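What follows is a set of notes on a single structure, which appears directly below.
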Amino acid sequence: MLPETVLRTDDVAPDIRFDVWREAMAATMSPMHISSQHSSDFWGHTRLLTLDDVLLWPVAMQASRYRRTTELVRRGDPELYHITLVLPGSGRLRVDHSDRRHLSTVNDLYILDSSQPCDVEVEENELAVGIGVEIPRSNFPSTAEKGIGRIVGHRISGQEGFGAVLSHFLSHLISRNSAHQPSDIPRLKQILLDLLTALGSVLGRDQSARFACAASPGLVDLLG
């Protein structure tokens, strides 16, 4: 079994649940301003699984908002890529990152870069259900980072191509934790890194092609 820590807000008094949750999230992700209309009696449940310096955390929680501002980036940057896979039972997530805005729905993926501001909020009165992943950027060579950088902030389908492969792998790690031993961690981590690199390479290339088409009306006309 992979190392695992469980956090349930039901285990603490109602008046401090949201404070406990914010502290836990601050230790898990990049520093964020976290707010919720349910802060007086917040409900959240997560498990923290570690693959060396990579952290996976399946989560279900009440509607809340996570903002990483320019000021917080300037104060300190852990230099992480954050991945979210939206799971069944979740409301839509409004994602604003790197001058890109979209709504992520069930089976979507999105990637954030802790070096840039972001604003993520689940729709009012909905639950957020998904898998979060924190990966230090130092795990990737510069060539891989260029590809990943082109897709941060975008809505990515988790049902086709490398997005589907990555989604299935993350779901497997979370649901079949007991099938793996600590000795498997280096291999599992490398598979995750390879999948994210492949996703950045393939989709990043596609994004560059779309940008080139948009910048060249003649080419757009040619492609019909």
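Label positions at V165 and I191, each projected 7 Å from the Cα along the C-beta direction, are separated by 1.2 nm. Loop only per DSSP, at most 12 neighbouring Cβ atoms within 10 Å: give me the GluC sites (Glu not before Pro) in segment 110-204, ordered by residue number. Here the sparse-neighbourhood loop sites are E124, E160. Taking every protein chain into account, the 1.4 Å probe leaves T9 with about 0 Å² of accessible area, to the nearest ten. Of the labelled figures (i) 8, 32, 37, 17, 5, 1, 0; (ii) 7, 26, 26, 18, 14, 7, 1; (iii) 7, 28, 36, 23, 5, 1, only one reflects P(r) over Cα pairs in 10 Å bins from 0, in percent as derived from the coordinates, namely (i). For the chain, the relative contact order is 20 percent, taking Cα pairs closer than 8 Å that sit 6 or more residues apart in sequence and dividing their mean separation by the residue count.
Compared with the dominant principal axis of the Cα atoms in the chain, helix 17-28 is inclined by about 50°.
Restricting to DSSP H runs of at least four residues, report the calculated mean residue ellipticity at 222 nm for the chain, -39500 (n - 2.57) per run over all residues, nearest 500 deg cm²/dmol.
For the chain, the value works out to -11000 deg cm²/dmol.
The distance between label points at E79 and A198 comes to 2.7 nm (points 7 Å beyond Cα on the Cα→Cβ vector). Positive contributions from Lys and Arg (+1) and negative ones from Asp and Glu (-1), summed over other residues with Cβ under 15 Å from the Cβ of G158, come out at 0. For segment 68-75, 3J(HN,Hα) computed residue by residue from phi via the Karplus equation (6.51, -1.76, 1.60; θ = phi - 60°) reads 10, 8, 4, 4, 5, 4, 5, 5 Hz, glycine and proline entered as x. The apolar share of the surface of the chain, taken as the fraction of accessible area on carbon and sulfur atoms (1.4 Å probe, ligands and nucleic acids excluded), comes to 52 percent.
Gain on full extension, evaluated as 0.36 nm per residue between L103 and S178 minus their Cα-Cα distance, stands at 23.7 nm.
Looking at segment 105-213, the accessible area is 47 square angstrom per residue; that uses a 1.4 Å probe and ignores ligands, DNA and RNA.
Contact order for segment 83-208, expressed relative to its length and based on alpha carbon pairs under 8 Å spaced 6+ residues apart, stands at 28 percent.
The values are calculated or read from the model by the stated rules, or taken from the named source; none is laboratory data. Not measured: the values here are computed from a predicted model. All Cβ positions, even for glycine, are placed from backbone atoms using ideal geometry, and neighbour counts span all protein chains on display. The protein model used for the area step is the full one, side chains on, heavy atoms only, and it has no ligands, DNA or RNA in it. Shrake-Rupley method; radii C 1.70, N 1.55, O 1.52, S 1.80 Å.
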